[in-house]
Amino acid sequence: MTVDSAASTGAARTPRKRTAASKTAKKSPGRTAAAKGKSDLVQLLTPEGERVKNTEYDKYVADITDDALRGLYRDMVMARRFDAEAVTLQRQGELGLWPSLLGQEAAQVGSARATRDDDYVFPTYREHGVAWCRGVEPENLLGMFRGVNNGGWDPNTNNFHLYTIVIGSQTLHATGYAMGIAKDGADSAVIAYFGDGASSQGDVAESFTFSAVYNAPVVFFCQNNQWAISEPTEKQTRVPLYQRAQGFGFPGVRVDGNDVLACLAVTRWALERARAGEGPTLVEAFTYRMGAHTTSDDPTKYRADEERVAWEAKDPILRLRAYLENHTDTGAEFFTDLETESETLGRRVREAVRGMKDPDRMAMFEHGYADGHALVDEERAQFAAYQASFAEEGA
């Protein structure tokens with residue numbers, strides 16, 4: 001019996017009059033919980049770019065110089081430019097699909113820059129900013145979406161796993177890997193990225209259970225962009241997502257996902273706990289998906305423009321730019337040069353995608369079985385004959 005069905009059964013046995021307040025709470029529990037959780041939001045930079053002191057997390061960014069802040073700004077700008085080019089390429093028919101990160105640059109860059117080279121990262125399919133910070137060439141991210149490969153990079157080169165399309169399953173991979181390195185005695189950590197929609201998957205709950213029981217050195221980084229495709233967070237949870245960690249026996253924290261400095265500080269803290277043998281942490285980066293879920297989606301059909309406009313005022317890039325302009329010696333030349341660099345990246349990516357060669361059609365029959373398989377051999381022969389028929393028709 002589910003919680004909802006148990007509650008309805010109890011109500012039937014003991015009828016009572018519901019007040020207007022209880023009706024409102026029952027209708028939209030997520031909104032009430034989310035509003036309550038905002039007081040717990042860790043923020044170091046306001047949307048206007050002003051520094052906020054935080055006695056608990058300031059020490060985790062005490063070493064961040066003005067040059068380092070400019071580096072974080074560059075990361076976000078380059079990630080956004082790459083993402084915009086990928087969206088354009090898809091619209092031009094060069095990619096089959098593209099999941100945009102627009103609006104989530106601070107969450108990704110801040111958390112990724114908190115990792116060490118020997119930490120291992122398990123992404124979903126939207127972590128383009130994380131990939132950038134881990135040194136994965138942007139062009140390599142596009143091969144899968146063009147249909148020419150299954151990933152395009154060696155995960156062990158940058159300790160950055162291939163993109164995972166199955167929602168939430170990478171948290172299981174991350175937990176198992178973390179349990180393994182703990183048994184090996186390594187002092188590195190693991191970070192697993194997923195979204196608010198994935199938090200409703202059973203794989204994520206199972207990962208929480210195993211990581212807690214085995215004290216695995218893993219950070220679960222949830223980018224709560226508030227929409228699981230067309231489903232708002234309020235339809236998935238009655239409490240802020242970070243509070244779910246309490247039920248599994250490890251800490252959770254909610255951070256302003258549009259504040260790159262806060263994301264850096266909180267993730268550093270969580271990874272430090274993991275490396276020290278203190279087990280898992282759930283970080284909920286409260287942010288917003290300013291674009292579509294993917295290029296096959298139309299967000300105007302399920303959310304109001306006013307909501308998007310309100311979040312555009314909290315743009316993570318504009319926030320850090322305001323701080324750099326008002327509180328550092330960063331001049332206009334820095335921003336001009338970065339704009340030129342980002343445009344160069346866009347052209348490079350465009351040329352690389354259009355120059356990608358089609359894969360060997362017969363390659364899909366390889367590596368399915370270690371010792372070969374009669375049925376696969378038969379299918380390979382049939383497909384080869386089918387392909388040959390096109391050449392014969394053109395002769």
| request: Output the number of residues of segment 85-123 satisfying the condition of being of a type in the set (S, T, N, Q) and surrounded by fewer than 23 Cβ atoms within 10 Å (Cβ to Cβ). | output: 4
| request: With the condition kept exactly as written, say whether any residue in segment 315-329 is over 20 Å from VAL52 (Cβ atoms) and out of contact with any strand residue (DSSP E or B) (no Cβ under 6 Å at 6 or more places or on another chain). | output: yes
| query | Within segment 315-329, can one find any residue that is modelled with pLDDT under 95, open to solvent by 30 Å² or more (accessible area, probe 1.4 Å) and of a type outside the set (Gly, Ala, Ser)? | reply | no
| query | How many residues, within segment 132-161, are under 20 Å from GLY71 (Cβ atoms) and of a type in the set (Val, Ile, Thr)? | reply | 1
| request: Test GLN108 against the criterion of being touching a Cys at 6+ places or on another chain (Cβ under 8 Å), among the polar types (S, T, N, Q) and closer than 23 Å to THR281 by Cβ, and give yes or no. | output: yes
| said: Is it the case, given these coordinates, that LEU338 is surrounded by 18 or more Cβ atoms within 10 Å (Cβ to Cβ) and either closer than 24 Å to THR46 by Cβ or under 18 Å from the mean Cα position of the chain (by Cα) (or both)? | reply: no
| request: Among the residues of segment 52-84, count how many are surrounded by 13 or more Cβ atoms within 10 Å (Cβ to Cβ) and either closer than 25 Å to GLY291 by Cα or not aromatic (Phe, Trp, Tyr) (or both). | output: 23
| task | Note down all Cβ pairs under 6 Å where the first residue falls in segment 272-296 and is farther than 17 Å from VAL87 by Cβ and of a type in the set (Asp, Glu), the second is assigned to a strand (DSSP E or B) and open to solvent by less than 30 Å² (accessible area, probe 1.4 Å), and they're at least six residues apart or on different chains. | result | GLU284/CYS222; GLU284/ASN224; GLU284/ARG254
| message | Suppose the filter is of a type in the set (Ser, Thr, Tyr) and surrounded by fewer than 17 Cβ atoms within 10 Å (Cβ to Cβ); does SER296 pass it? | response | yes
| field | Matching residues, segment 124-140, being under 14 Å from the mean Cα position of the chain (by Cα), open to solvent by less than 20 Å² (accessible area, probe 1.4 Å) and closer than 30 Å to MET362 by Cβ | value | ALA131
| message | Considering only residues that are assigned to a loop (DSSP other than H, G, I, E, B) and within 18 Å of the chain's Cα centre (by Cα), which ones fall in segment 281-296? | response | THR287, TYR288, ARG289, MET290, GLY291, ALA292, HIS293, THR294, THR295
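For every residue, the table says whether it meets (1) assigned to a loop (DSSP other than H, G, I, E, B); (2) surrounded by fewer than 17 Cβ atoms within 10 Å (Cβ to Cβ); (3) touching a Lys or Arg at 6+ places or on another chain (Cβ under 6 Å).
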position	(1), (2), (3)
VAL204	no, no, no
PHE208	no, no, no
ALA216	yes, no, no
GLU234	no, yes, yes
ARG238	yes, yes, no
ARG244	no, no, no
GLY247	no, yes, no
PHE250	yes, no, no
VAL253	no, no, no
| task | Could you please find all residues in segment 156-197 being under 20 Å from the mean Cα position of the chain (by Cα), hydroxyl-bearing (Ser, Thr, Tyr) and open to solvent by less than 40 Å² (accessible area, probe 1.4 Å)? | result | TYR163, THR164, SER169, THR171, THR175, TYR193
| field | LEU101 being of a type in the set (A, V, I, L, M, F, W, C) and more than 14 Å from the chain's Cα centre (by Cα) | value | no
| Among (1) under 30 Å from GLU50 (Cα atoms); (2) surrounded by 11 or more Cβ atoms within 10 Å (Cβ to Cβ); (3) of a type in the set (Val, Ile, Thr), which single condition is VAL376 missing? | (1)
| request: For residues that are in contact (Cβ under 8 Å) with a residue 24 or more places away in the chain and farther than 30 Å from ASP75 by Cα, scanning just segment 342-361, find the one that is surrounded by the fewest Cβ atoms within 10 Å (Cβ to Cβ). | output: ASP358
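The values are calculated or read from the model by the stated rules, or taken from the named source; none is laboratory data. Fair warning: this is a prediction, and the values are worked out from it, not measured in the lab. Cβ: placed from backbone, ideal geometry, glycine included. Neighbour counts: every protein chain shown. Only protein heavy atoms, including side chains, enter the accessible area calculation; ligands, DNA and RNA are left aside. Shrake-Rupley method; radii C 1.70, N 1.55, O 1.52, S 1.80 Å.
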